[in-house]
Amino acid sequence: MYKYDEYDQQMVDTRVAEFRDQVRRRLSGELTEDQFRPLRLQNGLYLQLHAYMLRVAVPYGTLNSAQMKVLGDIADKYDRGYGHFTTRQNIQYNWIKLEDTPDILADLAKVEMHAIQTSGNCIRNISSDQYAGAAADELVDPRPYAELLRQWSSFHPEFLTLPRKFKIAVIASETDRAAMRLHDIGIKMVKNDAGEIGCQFYVGGGMGRTPMIGPMIKEFVPLDQLITYSEACLRVYNRYGRRDNKYKARIKILVHELGKDEYARQVEEEFAHLLSQGIEPPLAELERIKPYFDDPAFETDASDDLDLSDPDFRLWVERNCHAHKQAGYTIATVSLKPIGGIPGDASADQIRLMAQLAKDYSFDELRVTHAQNIVFPHVKKADLYTLWQKLDEAGLGTANLDSVGDIIACPGLDYCSLANARSIPVAQKISERFGSAEKQAEIGELKLKISGCINACGHHHAGHIGILGVDKKGVENYQLLLGGSEGADTSLGKITGPGFDEDGIVDAVEKATGVYLANRQEGERFLDTYRRIGMDPFKEAIYG
Amino acid sequence: MVEVQFRFRDDEAVNDPAVTVDAFTDQSNATAVRIEPGDDARALLPYLDQLALVEVNFPAWTDGRGYSSARVLREAGYTGEIRAVGDIVIDMLGHLKRCGFDAFAPEHPLNPTDAQNAFDRWDNVYQATADGRQPIWAKRHPAGV
Ligand code: HEM
Ligand code: SF4
């Protein structure tokens, strides 16, 4: 994976010094909270209901074991012994003291990590496919391009006070595992007719209160124009994105109001101008970055045999492992969704254990997924049983990937000041209701996502089943959505009808799965059945 | 008029009152103009030779349109003064300078030590912008190789 050179390290160290200085000015009263707010946000520091929350960037979701270990140590030293992995492949700590943050950033900098631009109205951490470099179905590894974009977007002086936050994802396979079209810019690596690799640009996707699927605005941008084209997209947005109403400030609104063709035309004009400005790094820079993402030293004669006589192990392999490009290896996902647990949470000890196991069994590498799980990208099949046993002993062996227990949930009213309703207890109740392995196996793939308010941090629009917390005359209430998806077949869920209380929503989910089980045809997932039979049968069962 | 607190130019200070973009493009022979966040800096491109001072106003520092305005002017070859006025805070200074600002007239004067630290903060930069500094990628690949 990527390693900092002296320049990268210096940039991160400088940021720590800058932030230390900003905190000093805040603590001495030189800065008011109002003045400090936009500054701390550019460093991932939020003020939540009870304490500060710090969001640490995990660029394109890739970590080495030393980094993972430090994430565990920070949870112990500065938080309450937990970390929370997020839907943008980052990690958050919910109980942070302002005075400690400069020291936390200094600890992070020692292992080439930071919290730069993890919030605020700037270009955020670049996300990517969690199986990058390991998946059998990818065209190229998308991460070198994400790294190039990471450097370009870090402290970009023109784009630090955009109308609103800006999220970019890069993928390189047909199966979209990063919700690429729900980003402000989604980039798909593609090959053109001449056999050259380039970037396909989708602009103006997003969730929040006005969910939109990003339209394609440029079919092919050559690799040596990637930064210039991105800069043109951002400049048009910075100049013309709406600033009169923060709910209409995301680029999706600009693209929607202008129309994608007009937006694309304006970008094209700016792009033509910028091409003469010499802002593109030479291809040699990409060539410098690429080898960091070379394959690890796979054994070429590793065996594909697996002893599946242990039924629990077998279940885990079937649910949580994914095809690797290298024979004899597999991609194993650790579910951070134990029955009744808090989605995405891991204890300091669990984090350190995963760090050690990655070192022993996955060439020192881990990934964070947007579904709030952890991936061991390169596990030799011969080691898989041992790995699973060690995970299972630590409560990390849950076999429920992409099934109804693998819930995405935002922090909700337990932590978040914007929330209408709690998300975590609903996730816990659903996870318990559908807890048994038999039930989950029977239902199969079902992506369930919960947000505590319309901001959609829990991706409820993109859930096969989505749950949205609303406020109904001061009482927490939950709406049910069906039919969303964030894969290559991205779609937005539709609300079934009137909302429910906490127990009512769990019952409604059960009724919806009942309709599916009664109607499904051979090989259909929940989503497929819904798409075939439509909303009505579900409505009837739920409200009838 | 608010005083210029920092200036990185050797030529004589321009003290002409700045007119609005509309007034300027209508007819004026003014040599100083003031850009508001909603103005299109490109409207000035036909007149760059005539201009000695462009003020770019930041009514709120969190509105970043002025950064693009400055770069658009520099990219078009404008070499006169670009002055940041309005709600200018310490933490913007380095970034403004990178986008082509070379004079700063904050509404509320800034602590000079903190400001100097902010201007000097970044020994290296990742992007090529209007200030002509060599970005990190250029240092990694001298002569573009
Ligand atoms: C607890 C503090 C949090 C606050 C105050 C907060 C606030 C917000 C707001 C206001 C939006 C809507 C932005 C817009 O549409 O313009 C949003 C969207 C979002 N947030 Fe959060 N959030 C918080 C925590 C989280 C967490 C923990 C995650 C990850 C697990 C997260 C992930 C997201 C995502 C993925 C979106 C949707 C992005 C999009 O619209 O494209 N947020 N958040
Ligand atoms: S969806 Fe709403 S409640 Fe949940 S974290 Fe985001 S802002 Fe808070």
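If you take the residues of segment A:282-325 that are in contact with a His (Cβ under 8 Å, 6 or more places away or on another chain) and in a loop (DSSP other than H, G, I, E, B), which of them is nearest to the other protein chains (Cβ to nearest Cβ)?
The extreme case among them is A:P282.
Give me the pairs: first residue in segment B:131-143 and more than 17 Å from B:H95 (Cβ to Cβ), second residue surrounded by fewer than 16 Cβ atoms within 10 Å (Cβ to Cβ), beta-carbon distance under 7 Å, and six or more apart or on different chains, which are they?
Short answer, once both residue conditions are applied: B:H141/A:A284.
Being open to solvent by 50 Å² or more (accessible area, probe 1.4 Å) and either within 24 Å of A:M212 (Cβ to Cβ) or in a helix (DSSP H, G or I) (or both) is the filter here; which residues of segment A:484-519 pass it?
A:A488, A:D489, A:L492, A:K494, A:I495, A:D503, A:D507, A:E510, A:K511, A:L517, A:A518, A:N519, listed by residue number.
State whether one or more residues within segment A:520-537 are within 16 Å of ligand 2 (Cβ to nearest atom), crowded, with 16+ Cβ neighbours inside 10 Å and among the polar types (S, T, N, Q).
Filtering segment A:520-537 down to residues within 16 Å of ligand 2 (Cβ to nearest atom) leaves none.
No: zero hits.
Could you please give the count of residues in segment A:459-478 that are open to solvent by less than 50 Å² (accessible area, probe 1.4 Å) and over 22 Å from A:R531 (Cβ atoms)?
The number of residues fulfilling the criteria is 4.
Residue-wise test of (1) open to solvent by 10 Å² or more (accessible area, probe 1.4 Å); (2) in contact with a Ser or Thr (Cβ under 6 Å, 6 or more places away or on another chain); (3) at pLDDT 95 or above; (4) more than 12 Å from chain A (Cβ to nearest Cβ).
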{"site": "B:A84", "(1), (2), (3), (4)": "no, no, yes, yes"}
{"site": "B:L96", "(1), (2), (3), (4)": "no, no, yes, no"}
{"site": "B:A105", "(1), (2), (3), (4)": "no, no, yes, yes"}
{"site": "B:H108", "(1), (2), (3), (4)": "yes, no, no, no"}
{"site": "B:N117", "(1), (2), (3), (4)": "yes, no, no, no"}
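Does segment A:245-260 hold any residues that are assigned to a loop (DSSP other than H, G, I, E, B) and modelled with pLDDT under 95, and which are they?
Correct list: A:N245 only.
When you look at A:P377, is it open to solvent by less than 40 Å² (accessible area, probe 1.4 Å), more than 15 Å from ligand 1 (Cβ to nearest atom) and in contact with a Gly (Cβ under 8 Å, 6 or more places away or on another chain), yes or no?
Yes.
Of the residues A:D193, A:D176, which is more than 16 Å from ligand 2 (Cβ to nearest atom) and either within 14 Å of another protein chain (Cβ to nearest Cβ) or open to solvent by less than 20 Å² (accessible area, probe 1.4 Å) (or both)?
Going through A:D193, A:D176 in turn, the sole match is A:D176.
Return only the number of the condition from (1) open to solvent by less than 30 Å² (accessible area, probe 1.4 Å); (2) more than 16 Å from ligand 2 (Cβ to nearest atom); (3) over 21 Å from A:D8 (Cβ atoms) that A:H114 does not satisfy.
The single condition A:H114 does not satisfy is (3).
Is it true that A:C453 is assigned by TED's automatic domain parsing to the domain that holds A:V475, open to solvent by 10 Å² or more (accessible area, probe 1.4 Å), among the hydrophobic types (A, V, I, L, M, F, W, C) and within 21 Å of the chain's Cα centre (by Cα)?
So A:C453 passes the test.
Identify the residue in segment A:47-68 that is within 15 Å of ligand 1 (Cβ to nearest atom) and more than 18 Å from the chain's Cα centre (by Cα) and, among all such residues, is most open to solvent (accessible area, probe 1.4 Å). Show your work before the answer.
Taking segment A:47-68 and keeping what is within 15 Å of ligand 1 (Cβ to nearest atom), we get A:47-58, A:61.
Right, trim to more than 18 Å from the chain's Cα centre (by Cα) and you get A:47-52.
On the way: A:L47: 83, A:Q48: 28, A:L49: 84, A:H50: 118, A:A51: 20, A:Y52: 35 Å².
Going through the qualifying residues, I end up with A:H50.
Would you confirm whether or not segment B:60-77 contains a residue that is within 30 Å of A:A272 (Cβ to Cβ), out of contact with any Gly (no Cβ under 8 Å at 6 or more places or on another chain) and more than 11 Å from chain A (Cβ to nearest Cβ)?
Scanning segment B:60-77 turns up at least one residue that is within 30 Å of A:A272 (Cβ to Cβ), out of contact with any Gly (no Cβ under 8 Å at 6 or more places or on another chain) and more than 11 Å from chain A (Cβ to nearest Cβ).
Mind checking which pairs have a first residue in segment A:383-406 that is more than 18 Å from A:T330 (Cα to Cα) and modelled with pLDDT of 95 or more and a second that is open to solvent by 30 Å² or more (accessible area, probe 1.4 Å) and of a type outside the set (A, V, I, L, M, F, W, C), Cβ under 6 Å, 6 or more apart or different chains?
A:A394/A:Q350; A:G395/A:P338
Take segment A:415-433 and flag every residue that is free of Cβ contacts under 8 Å to residues at least 60 places away in the same chain and within 12 Å of ligand 1 (Cβ to nearest atom).
The answer is A:L418, A:A419, A:S423.
Filter segment A:326-381 for residues that are under 22 Å from A:E299 (Cα atoms) and part of a loop (DSSP other than H, G, I, E, B) and give the result.
Of everything in segment A:326-381, those that are under 22 Å from A:E299 (Cα atoms) and part of a loop (DSSP other than H, G, I, E, B) turn out to be A:Q326, A:A327, A:G328, A:S362, A:F363, A:D364.
Can you spot a residue in segment A:69-82 that is hydroxyl-bearing (S, T, Y), surrounded by fewer than 22 Cβ atoms within 10 Å (Cβ to Cβ) and not in a helix (DSSP H, G or I)?
yes
This table checks each residue for (1) assigned to a strand (DSSP E or B); (2) in the same structural domain as A:H370 (by TED's automatic domain parsing); (3) modelled with pLDDT of 95 or more.
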{"residue": "A:E158", "(1), (2), (3)": "no, no, yes"}
{"residue": "A:L162", "(1), (2), (3)": "no, no, yes"}
{"residue": "A:A169", "(1), (2), (3)": "yes, no, yes"}
{"residue": "A:R177", "(1), (2), (3)": "no, no, no"}
{"residue": "A:I187", "(1), (2), (3)": "yes, no, yes"}
{"residue": "A:V190", "(1), (2), (3)": "yes, no, yes"}
{"residue": "A:D193", "(1), (2), (3)": "no, no, yes"}
{"residue": "A:G198", "(1), (2), (3)": "yes, no, yes"}
{"residue": "A:F201", "(1), (2), (3)": "yes, no, yes"}
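Just to be sure, is A:Y78 touching a Lys or Arg at 6+ places or on another chain (Cβ under 6 Å) and more than 14 Å from chain B (Cβ to nearest Cβ)?
So A:Y78 does not fit the description; no.
Quick one: what pairs do we get from segment A:351-379, first residue without any contact (Cβ under 8 Å) to a residue 60 or more places away in the chain and closer than 28 Å to A:G487 by Cα, second open to solvent by 10 Å² or more (accessible area, probe 1.4 Å) and part of a helix (DSSP H, G or I), C-beta under 7 Å, 6+ apart or different chains?
The qualifying pairs are A:F376/A:Y361; A:V379/A:Y361.
Counting only residues that are aliphatic (A, V, I, L, M) and crowded, with 24+ Cβ neighbours inside 10 Å, which one in segment A:402-414 is farthest from ligand 1 (Cβ to nearest atom)? Explain how you work it out, then say what you get.
Going through segment A:402-414, the residues aliphatic (A, V, I, L, M) turn out to be A:404, A:407-409, A:413.
Restricting the remaining residues to those that are crowded, with 24+ Cβ neighbours inside 10 Å gives A:404, A:407-409.
Working: A:V404: 19, A:I407: 12, A:I408: 8, A:A409: 8 Å.
Among residues in segment A:402-414 that are aliphatic (A, V, I, L, M) and crowded, with 24+ Cβ neighbours inside 10 Å, the one farthest from ligand 1 (Cβ to nearest atom) is A:V404.
Would segment B:26-38 turn up any residue that is under 30 Å from A:K165 (Cβ atoms), part of a loop (DSSP other than H, G, I, E, B) and out of contact with any strand residue (DSSP E or B) (no Cβ under 8 Å at 6 or more places or on another chain)?
For segment B:26-38, residues under 30 Å from A:K165 (Cβ atoms), part of a loop (DSSP other than H, G, I, E, B) and out of contact with any strand residue (DSSP E or B) (no Cβ under 8 Å at 6 or more places or on another chain): present.
Considering only residues that are in a helix (DSSP H, G or I) and in contact with a Phe, Trp or Tyr (Cβ under 7 Å, 6 or more places away or on another chain), which ones fall in segment A:123-151?
Scanning segment A:123-151 gives A:R143, A:P144, A:A146, A:E147, A:Q151.
Which residues, counting only those in segment A:415-470, are within 15 Å of ligand 2 (Cβ to nearest atom), part of a helix (DSSP H, G or I) and closer than 27 Å to A:Y52 by Cβ?
Answer for segment A:415-470, where residues must be within 15 Å of ligand 2 (Cβ to nearest atom), part of a helix (DSSP H, G or I) and closer than 27 Å to A:Y52 by Cβ: A:I424, A:P425, A:V426, A:A427, A:H460.
Out of all the residues in segment A:23-57, which are among the acidic types (D, E) and either in a helix (DSSP H, G or I) or more than 12 Å from chain B (Cβ to nearest Cβ) (or both)? Before you say what the answer is, go through the steps one by one.
First, pick out the residues of segment A:23-57 that are among the acidic types (D, E): A:30, A:33-34.
Correct list: A:E33, A:D34.
Restricting attention to segment A:222-235, does a residue exist that is touching a strand residue (DSSP E or B) at 6+ places or on another chain (Cβ under 8 Å) and either small (G, A, S) or not assigned by TED's automatic domain parsing to the domain that holds A:K188 (or both)?
Looking for residues that are touching a strand residue (DSSP E or B) at 6+ places or on another chain (Cβ under 8 Å) and either small (G, A, S) or not assigned by TED's automatic domain parsing to the domain that holds A:K188 (or both), one finds at least one in segment A:222-235, hence yes.
The values are calculated or read from the model by the stated rules, or taken from the named source; none is laboratory data. On a predicted model such as this, the values are computed, not experimentally measured, just so you know. Heads up, the Cβs are rebuilt from the backbone with ideal geometry, glycines too, and the neighbour counts pull from every protein chain shown. Accessible surface is based on the protein model in full, side chains and every heavy atom, while ligands, DNA and RNA are left aside. Shrake-Rupley method; radii C 1.70, N 1.55, O 1.52, S 1.80 Å.
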